[in-house]
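**Student:** Once you've had a glance at the structure underneath, I'll fire off some questions.
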Amino acid sequence: MSDEIWPAIKVERFYDELPKHYEARRAEIVTIINGFRHGRYDGAIAERMELRLIALQDGLELAAAEREPLLVA
């Protein structure tokens, strides 16, 4: 087990962001950052996770929990 102490992850809420959207976005950001901190991502997956993290932090995408489910026919 690592003795490293990581700083707290702070996620700002956007001015017009609904609380449930903020909580879902914050939870996904925290999950991604913790994944990087613990070395869970490698290569192409790390690239995709970094892009996803940037999009979430910039408000360009909704958190996965807030997206519309895909209809499968």
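The values are calculated or read from the model by the stated rules, or taken from the named source; none is laboratory data. None of the values given here were measured: they were computed from a predicted structure. Cβ: placed from backbone, ideal geometry, glycine included. Neighbour counts: every protein chain shown. These accessible areas exclude ligands, DNA and RNA; they are computed on the full protein's heavy atoms, side chains included. Shrake-Rupley method; radii C 1.70, N 1.55, O 1.52, S 1.80 Å.
**Student:** Show me, for the range 42-54, the HN-Hα J-couplings you get by feeding each phi into the Karplus relation (A = 6.51, B = -1.76, C = 1.60, θ = phi - 60°), rounded to Hz, glycine and proline as x.
**Tutor:** Once θ is set to phi - 60°, the couplings for the range 42-54 become 9, x, 5, 5, 4, 4, 5, 5, 5, 5, 5, 4, 4 Hz.
**Student:** Additional query: In Å², what does the accessible area per residue of the range 7-66 work out to with a 1.4 Å probe? Before the final figure, lay out each step's value.
**Tutor:** Details: 4240 Å² over 60 residues.
Each residue of the range 7-66 exposes 71 Å² on average to a 1.4 Å probe.
**Student:** A further question on this structure: In nm, to one decimal, how far is the modelled label at GLU23 from the one at LEU62, with both set 7 Å along Cα→Cβ?
**Tutor:** Distance between the two pseudo-spin positions: 1.6 nm.
**Student:** Which of the peptides 34-43, 20-29, 7-16 is most tightly packed, and how do the rest follow, judged by the mean count of other Cβ atoms within 10 Å per residue? Working shown, then result.
**Tutor:** Working: 34-43: 11.5, 20-29: 17.1, 7-16: 9.2.
Listed from highest to lowest mean packing, they are 20-29, 34-43, 7-16.
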